[in-house]
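Undergrad: I'd like to ask you about the structure that follows.
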Amino acid sequence: MSANLQLITLLLSLLFGILFYFLTIFNFKMINNLKVIYKHIITFIYVLDMTIIYIIFLYHLNKGYFHIYFVLTVLLGFIFGYIINKKMFSKIHVKRIFKN
C-alpha cells in the first residue's frame with residue numbers, strides 16, 4: 001500500500017471516528033426512553049452496523065488492507081468528537097439565545 005493511500009485512509013478514519021461519536025450521541029438520545037434491554041439490543045446492533053460499514057469502507061478504499069493504526073485513528077477521531085462536543089457545542093445556551 002502506498003504512503004498516499006495510507007494518509008488518505010488515516011484521514012478518513014479520523015473523520016469516521018468523529019462521525020461515529022456524533023451518531024452515537026444521536027443514538028443515545030433516540031433510545032433514551034426505552035427499556036434497558038431494548039437499549040442494549042439497539043446499541044449492540046448499532047455498533048455492529050458501524051463496524052460493518054467501516055470494514056466495507058476499508059475494503060473499497062484500500063482493497064481491504066487492515067492495520068491496527070487505522071482502528072487507533074478511529075478511536076482518536078472518537079476522542080476528538082468528544083472534545084469538539086465539550087468545547088464548542090456545550091457552550092451554546094439555546095434558552096438564553098431565544099429568551100423573550
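What follows is calculated from the coordinates using simple rules that are stated; it is not laboratory data. All of these numbers come straight from a predicted model, not from anything done at the bench. Heads up, the Cβs are rebuilt from the backbone with ideal geometry, glycines too, and the neighbour counts pull from every protein chain shown.
Undergrad: Taking the criterion of being part of a helix (DSSP H, G or I), in contact (Cβ under 8 Å) with a residue 60 or more places away in the chain and surrounded by 12 or more Cβ atoms within 10 Å (Cβ to Cβ), would at least one residue in the range 22-29 satisfy it?
TA: yes
Undergrad: Then there's this: Taking only the range 31-89 into account, find how many residues are surrounded by 14 or more Cβ atoms within 10 Å (Cβ to Cβ) and in a loop (DSSP other than H, G, I, E, B).
TA: Total satisfying the criteria: 2.
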